[in-house]
């Protein structure tokens, strides 16, 4: 009876660990720099996002500079009023 209970507990424990649950990600290496895995590599994705953000910021700055340079008007001098 004890052997049966032990075998049943061991079987349930082993079966509980079977199967894949959720998305499995490759763990971060403990040391070194692994080779780039292409377009799906997290480092590639991050670099692409940073480059896109920089390009957008540069484009916005250029648009602001162009808008500011076209909106500048010469100062209007008011004639002195003498009473």
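Data overview
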quantity	calculated
Test result for residue 19, touching a helix residue (DSSP H, G or I) at 6+ places or on another chain (Cβ under 8 Å), loosely packed, with under 10 Cβ neighbours inside 10 Å and either at pLDDT 80 or above or not in a helix (DSSP H, G or I) (or both)	no
Some residue of the range 23-35 being exposed (fewer than 10 other Cβ atoms within 10 Å of the Cβ), modelled with pLDDT under 85, on the phi < 0 side of the Ramachandran plot and not in a loop (DSSP other than H, G, I, E, B)	no
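The values are calculated or read from the model by the stated rules, or taken from the named source; none is laboratory data. As the structure is a computational prediction, the values presented were derived from the model and not from experiment. Neighbour counts run over all protein chains shown; Cβ positions are idealised from the backbone, glycine included.
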